[in-house]
Amino acid sequence: MAGNPTTLRIDYIEFNVADIAASKAFYGAAFGWSFTDYGTEYCEFGDGRLTGGFTTMGKPQPGGPLVILYADDLEASLTAVERAGGKIVKPITAFPGGRRFHFGDPDGYELAVWSKD
């Protein structure tokens, strides 16, 4: 982790939800989280330290939030994941604010890596 002390660390958690408004109401009331909407299918939440997202673009999976790591060099991270035996389940894709890919680890857990470039 030479260089940037935040690279290759958990940076974001994403929950697939059935209803963003209901999720905002629950987490806002229970924990005082703040929210930023990005269209009708995505909302970012903040707890004062960590940010994450609620999305309706996937099936809700109780107990299965998407853990997202940050990388300065997305392509190098993808190569490292493949070399380590991970399976790329979603190739590098652009989104507002950056790019990311998803991978499966040896036990089948899905994680993602993103970069601002």
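The values are calculated or read from the model by the stated rules, or taken from the named source; none is laboratory data. Just so we're clear, the structure is a prediction, and the values are computed from it rather than from any experiment. Note: ideal-geometry Cβ built from the backbone for every residue, glycine included; neighbour counts use all protein chains shown.
Quick look at the values:
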| read-out | value |
| --- | --- |
| Any hit, segment 57-76, residues being outside any loop (DSSP other than H, G, I, E, B), farther than 25 Å from G3 by Cβ and aromatic (F, W, Y) | no |
| Answer from G39, G48, G32, G53 - the residue that is small (G, A, S), surrounded by 13 or more Cβ atoms within 10 Å (Cβ to Cβ) and either under 16 Å from W114 (Cβ atoms) or not assigned by TED's automatic domain parsing to the domain that holds P96 (or both) | G53 |
| Within segment 1-35, considering residues that are over 18 Å from G46 (Cα atoms) and among the small types (G, A, S), the one nearest to the chain's Cα centre (by Cα) | A18 |
| D107 vs. criteria within 15 Å of the chain's Cα centre (by Cα) and modelled with pLDDT under 90 | no |
| Exclusive hit being on the phi < 0 side of the Ramachandran plot, of a type in the set (S, T, Y) and not in a strand (DSSP E or B), set T6, T93 | T6 |
| Single residue of segment 47-102 satisfying the filter (touching a residue at least 60 places away in the same chain (Cβ under 8 Å) and not charged (D, E, K, R)) that is farthest from A30 (Cα to Cα) | S77 |
| Count - residues of segment 42-65 that are closer than 15 Å to G97 by Cβ and not small (G, A, S) | 5 |
| Residues of segment 77-90 classified as of a type outside the set (A, V, I, L, M, F, W, C) and part of a strand (DSSP E or B), total | 2 |
